[in-house]
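Have a look at the structure below, then the notes.
The values are calculated or read from the model by the stated rules, or taken from the named source; none is laboratory data. Remember, predicted model here, so these are calculated numbers, not experimental data. Because the Cβ atoms are built from the backbone with ideal geometry, glycine has one as well, and the counts that use them run over all protein chains shown. Quick note on the areas: whole protein, heavy atoms, side chains included, nothing else; ligands and nucleic acids left out. Shrake-Rupley method; radii C 1.70, N 1.55, O 1.52, S 1.80 Å.
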Amino acid sequence: MAIVLVLVLIVVGSVLFHLLSPWWWTPIASNWDYIDNTIIISFWITGIVFAAVVLFMAYCVFRFRHREGNRAAYEPENKRLESWLMIATAAGVTALLVPGLFVWSRFVNVPSDAADIEVIGQQWQWSFRLPGKDGKLGTSDTRIVSAENPLGIIPGDPNGQDDIVVEAADLHLPVGKPVKVLLRSIDVLHDFYIPEFRAKMDMIPGSVTYFWFTPTRTGNFQVLCAELCGQGHPLMHGVVMVDTEQDYLAWLGQQQTFAQLSAPKQTGSANQPSEKTMASSLDVAAKLEKLEAR
């Protein structure tokens with residue numbers, strides 16, 4: 001009887017913990033509420049199956065407990081029971097899979113008015129690229145990644161000259177506007193994940209993956225890497241700030257384009273020494289005067 005009681009308490013405790021648990025989903029901040037609904041459906045299906053199986057075990061332990069004079073009846077096959085189990089299992093698996101297929105279809109079918117942004121993952125930081133005034137992102141190639149061109153933007157592509165480059169900094173997005181996120185890795189496998197957006201996708205070197213979402217409220221939301229990408233994986237964090245239209249445009253106006261970042265730095269000519277060189281020469285002359293005075 002003790003085993004029966006323990007099994008019943010496991011079911012009751014699990015149900016109460018699920019309903020009263022303080023650990024629940026983070027507040028949603030995008031249009032993907034259907035993902036939460038799909039998770040709830042999965043919880044109900046798996047929860048009902050779990051409760052049914054454990055309570056059936058408790059019933060069997062109680063009903064067929066050892067009693068003097070009773071003998072077990074061996075029944076190797078029960079086609080009727082097997083048929084019902086097959087039907088119930090097929091229905092449960094279908095109910096688990098079908099909602100996910102609808103979510104995936106919405107996840108990858110991008111609306112025509114979505115703005116493109118690019119997320120670049122590398123060990124161990126996030127960088128971002130937004131289209132400039134032409135509304136188009138320039139092409140890129142990981143083979144030309146360098147200290148001067150960390151995102152591998154092809155310099156000869158005119159569409160990339162006005163691209164906004166946000167390297168190892170926070171990304172800002174306007175609220176209420178759909179965004180298509182192009183995901184690119186320049187070293188190893190990464191996974192771009194924003195829990196409050198219910199959005200994540202693997203980033204595979206040599207290919208471009210994507211998904212889309214619409215931010216539904218302003219705020220700061222943490223970016224995580226959901227793929228083990230090396231020693232610094234736990235530190236690969238970032239921030240997406242969803243702004244009002246006015247704040248977003250103000251932030252956008254402060255960012256630099258690829259053309260500005262790749263412009264050659266002006267240096268002093270051979271005939272015109274720099275201020276640093278002149279200051280160093282004066283220091284040396286002063287020291288020589290002191291030595292001569294001695």
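Please specify each residue of the range 193-209 satisfying the condition of being touching a residue at least 24 places away in the same chain (Cβ under 8 Å) and within 11 Å of the chain's Cα centre (by Cα). I'd like the intermediate steps shown before the answer.
Within the range 193-209, the subset touching a residue at least 24 places away in the same chain (Cβ under 8 Å) is 193-200, 202-203, 205-206, 208-209.
Across the range 193-209, the qualifying residues are TYR193, ILE194, PRO195, GLU196, PHE197, ARG198, ALA199, LYS200, ASP202, MET203.
Give me the pairs, please: first residue somewhere in the range 218-235 and more than 13 Å from GLY121 (Cβ to Cβ) and assigned by TED's automatic domain parsing to the domain that holds VAL188, second residue anywhere and in a helix (DSSP H, G or I) and of a type outside the set (Asp, Glu), beta-carbon distance under 7 Å, and either six or more positions apart or on two chains.
Filtered contacts from the range 218-235: PHE221/PHE197.
Can you pull out every residue in the range 131-141 that is out of contact with any strand residue (DSSP E or B) (no Cβ under 8 Å at 6 or more places or on another chain) and either touching a residue at least 24 places away in the same chain (Cβ under 8 Å) or surrounded by fewer than 10 Cβ atoms within 10 Å (Cβ to Cβ) (or both)?
Those that are out of contact with any strand residue (DSSP E or B) (no Cβ under 8 Å at 6 or more places or on another chain) and either touching a residue at least 24 places away in the same chain (Cβ under 8 Å) or surrounded by fewer than 10 Cβ atoms within 10 Å (Cβ to Cβ) (or both): LYS133, ASP134.
Take the residues in the range 159-192 that are among the acidic types (Asp, Glu) and surrounded by 17 or more Cβ atoms within 10 Å (Cβ to Cβ); name whichever of them is nearest to the chain's Cα centre (by Cα). Lay out the reasoning, then the answer.
Residues of the range 159-192 that are among the acidic types (Asp, Glu), as a first pass: 162-163, 167, 170, 187, 191.
Okay, now just the ones that are also surrounded by 17 or more Cβ atoms within 10 Å (Cβ to Cβ), so 162-163, 191.
Values: ASP162: 27, ASP163: 23, ASP191: 6 Å.
Per the criteria, the residue is ASP191.
Would you call LYS136 assigned to a loop (DSSP other than H, G, I, E, B) and at pLDDT below 90?
Numbers: assigned to a loop (DSSP other than H, G, I, E, B): yes; at pLDDT below 90: yes.
For LYS136, the condition - assigned to a loop (DSSP other than H, G, I, E, B) and at pLDDT below 90 - is met.
Somewhere in the range 115-130, is a residue part of a strand (DSSP E or B), farther than 29 Å from GLY230 by Cα and open to solvent by 30 Å² or more (accessible area, probe 1.4 Å)?
Taking the range 115-130 and keeping what is part of a strand (DSSP E or B), we get 115-122, 125-130.
The next check asks that each one be farther than 29 Å from GLY230 by Cα; those that pass are 115.
Narrowing further to those that are open to solvent by 30 Å² or more (accessible area, probe 1.4 Å): 115.
Yes.
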